[in-house]
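The values are calculated or read from the model by the stated rules, or taken from the named source; none is laboratory data. What you see is a predicted model, and the numbers here were worked out from it, not measured in a lab. Please note: Cβ atoms are built from the backbone with ideal geometry, for glycine as well, and neighbour counts cover all protein chains shown. All accessible areas refer to the heavy atoms of the entire protein, side chains included, with ligands and DNA or RNA removed. Shrake-Rupley method; radii C 1.70, N 1.55, O 1.52, S 1.80 Å.
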Amino acid sequence: MSTWKTPQRIWLTGATSGIGEALARKLIAQGHHVVLSARNAEALDTLCQNQPNAHPLPLDISDRQAVLNAGTIIHERLGALDLALFNAGTCEYLDAQQFDMALVERVFAPNLFGTLYGIEAALPLLRAARQEGLPARLAATSSASAYVPLPRAEAYGASKAAVSYFLESLRLDLDQEGIDISLIHPGFVKTPLTEHNDFPMPMQVTAEQAADTIIEGLVKGRLDIHFPRRFTYWVKLLGILPPALRRQIGLRMTRAQRSRHEHLGIAKGIPAHCHCRQRH
Ligand SMILES: NC(=O)c1ccc[n+]([C@@H]2O[C@H](COP(=O)([O-])OP(=O)(O)OC[C@H]3O[C@@H](n4cnc5c(N)ncnc54)[C@H](OP(=O)(O)O)[C@@H]3O)[C@@H](O)[C@H]2O)c1
């Protein structure tokens with residue numbers, strides 16, 4: 001398994017479940033100094049139990065002040081950060097017939113704004129690492145859905161596309177400070193987030209496989225960590241097709257979903273193929 005040559009000071013969000021939990025376990029086992037965040041304080045305590053190099057720091061990533069306070073606590077504890085990895089996120093799918101702005105805001109709050117609050121809090125700590133003459137890296141978990149608009153993914157896909165755009169843009173402006181940025185674009189990963197999806201999830205990988213690929217990509221300094229590649233290359237290709245062709249393929253997916261729902265006897269208008277984890 002890949003790792004860095006020296007112990008890293010890492011802040012990881014979304015550490016209590018799925019991809020983040022698998023990352024947390026591996027980073028702790030590799031001996032890095034890891035600050036772990038999510039809302040579930042009990043789960044964080046369990047992860048950090050008897051692990052002197054792991055520190056629980058519970059927070060709601062969509063609470064800007066809480067995230068800024070976390071930055072101060074990390075500064076007191078570690079002095080600087082070599083890596084800030086913003087992985088916390090949620091997913092709900094939209095039913096366009098019942099356009100639900102509350103749902104959109106619930107998805108954007110952690111996925112986009114939470115990630116940006118994290119960056120705001122982490123930047124001074126990454127700069128502190130640069131002042132020590134060390135490399136510093138920001139990373140965020142976007143999604144392969146950012147590559148191409150998919151049916152019902154208006155809120156989720158747009159929140160992730162915004163993360164990808166924001167960080168790619170930021171990468172250009174932080175280059176002069178020597179702070180690099182890695183974007184993570186997973187395909188389907190078997191986690192609590194996807195366990196209720198009622199549509200096909202081709203080439204799904206485990207959270208452990210995802211974590212190994214992410215750590216390897218971060219160690220190698222990859223700008224775009226996307227996996228599984230046999231899936232993400234197809235999605236990228238779909239993303240560069242002419243809009244008329246993309247619409248045709250998207251509509252075919254929409255029809256397939258509708259007929260699956262009709263077959264299952266799901267009433268029209270009820271967002272039943274909601275799928276990803278609902279709000280806590
Ligand atoms: N699974 C996939 O197929 C897939 C594909 C592409 C991208 N992704 C992205 O990968 C990331 C991890 O997803 P996952 O599949 O591992 O999901 P997951 O098992 O549901 O884990 C999500 C993590 O985010 C934390 N979280 C959610 N809302 C939060 C909030 N407001 N404040 C702080 N922490 C919060 C959760 O912890 P608490 O509940 O304790 O707060 C949990 O630790 C997400 O950003 C997701 O969008 C997943």
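Using 1/(1 + (r/R0)^6) with R0 = 45 angstrom and r between the beta carbons of E262 and E168, what's the FRET efficiency to the nearest 0.05?
Efficiency for this residue pair is about 0.65.
Per DSSP helix of 4 or more residues, -39500 (n - 2.57); summed, then divided by the residues of the chain. What does that give at 222 nm, rounded to the nearest 500?
-14500 deg cm²/dmol
Can you tell me how much longer the chain between T254 and L223 gets when fully stretched, taken as 0.36 nm per residue apart minus their C-alpha distance, in nm with one decimal?
Between T254 and L223, full extension yields 8.0 nm more.
Which one of H33, A54, I184 has its Cα pushed farthest toward the positive end of the charge dipole of the stretch 9-276, where Lys and Arg give +1 and Asp and Glu give -1 at the Cβ?
The residue sitting farthest along the positive end of the dipole is I184.
So if we plug the beta-carbon distance of Q97 and K236 into 1/(1 + (r/R0)^6) with R0 = 30 Å, what FRET efficiency do we get, rounded to 0.05?
Computed FRET efficiency for Q97 and K236 comes out at 0.50.
Write down the accessible area per residue of the chain in Å², having rolled a 1.4 Å probe over the full set of protein chains.
49
Could you go through the stretch 39-50 in sequence order and give the Karplus-derived ³J(HN,Hα) for each residue, using 6.51 cos²θ - 1.76 cosθ + 1.60 with θ = phi - 60°, rounded to whole Hz, and x for Gly and Pro?
Calculated HN-Hα couplings, in order: 7, 6, 5, 5, 5, 5, 4, 4, 4, 8, 4, 6 Hz.
Using the Karplus equation 6.51 cos²θ - 1.76 cosθ + 1.60 (θ = phi - 60°), what ³J(HN,Hα) coupling, rounded to whole Hz, does each residue of the stretch 228-235 give in order, writing x for Gly and Pro?
For the stretch 228-235, the Karplus curve yields x, 4, 5, 8, 5, 5, 5, 5 Hz.
If a paramagnetic tag sat 7 Å from the Cα of S2 along the Cα-Cβ line, which residues of the stretch 68-89 would have the backbone N under 17 Å from that point?
Hits in the stretch 68-89 for S2 at 17 Å: 83-86.
Over the stretch 107-224, with every protein chain in place, what whole percent of the accessible area is carbon and sulfur at 1.4 Å, could you tell me?
56
Which residues make up the longest stretch of the chain that has no GluC sites (Glu not before Pro) in a DSSP loop with at most 14 other Cβ atoms within 10 Å?
1-131
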